[in-house]
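Where a number appears in this text, it was derived from the coordinates with a stated rule and is not lab data. Please read these numbers as outputs of a predicted model, since none were measured by experiment. Cβ sites come from the backbone with ideal geometry, for glycine too, and all protein chains shown count toward neighbours.
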Amino acid sequence: MKVLVLFVCLSVGCLAQRPQPCRSPPLLTGSLSVSTQSEKLTAYAKYSYDALGKRFRIREFGSYKNQTFRFDALLLFNLGVMYKINYRRHTCHKKPLSVDFHPLAIPQDASLLGQVVLGSSSGPGQGILVNTWAGDLQMKNGTAAKYMSTVTEFGCIPVSTLFHTNKSGWVVTSFFNNVIGLVDPQQLIPPPFCKGSQLEEEDGEEPVTFFSLF
């Protein structure tokens, strides 16, 4: 009987140690890089993420079709608007944001591909334990998308995400210099020169979604 109880306890312990889908901290600040399979787009950005207030700020620069660009956007999902900001010219364009807010998280139906140590497992502090998950997403326009996300085992901090649609191919986003919390909360507030901006929606222009930024 004691052997049976011990076996059951060990089994429960093993199940408890199996990686589970997780959600990233609600407040994050960091940097990321974005590149596409076609090599048309390469970008580097700084971001501020607030899942509590459903806000996201991204300031990026990069190259698209051999043309350099700068992009600064504040996405306010709770208001359904996005501000395109240009500090050099002190201009601000207010656009409709047509996508719902989705927190940084591994979907519950994701499949675990594996768990590895990035770096070295030879000694404490020489590596970091990460989990890689994969799955399919159904987009609002009816198309299907595939994703593969890697996050840290402890804290669920994003490391990288691969996202694929037939239109864009594979888009790779790598996260680095992540800090839990908002380093500068002012980044999630529209600058003063955005006050009074009118909502713009040109004829034939599709409303902005999060994925159309990349």
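So here's what we get for this one:
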| quantity | calculated |
| --- | --- |
| Alpha-carbon spread of the stretch 115-198, three principal axes, descending order, Å | 57, 37, 17 |
| Local net charge near MET82, Cβ-Cβ under 10 Å (Lys/Arg +1, Asp/Glu -1) | +3 |
| Volume per residue of the C-alpha convex hull in the stretch 43-109, rounded to whole Å³ | 131 |
| Estimated inter-spin distance, LEU199 and VAL116, nm [label 7 Å along Cα→Cβ] | 4.6 |
| Label-point separation, SER33 to LYS146 (7 Å along Cα→Cβ), nm | 2.4 |
| Under 21 Å from LYS167, Cα to Cα: lysines that are on another chain or at least 8 residues apart | LYS40, LYS65, LYS140, LYS146 |
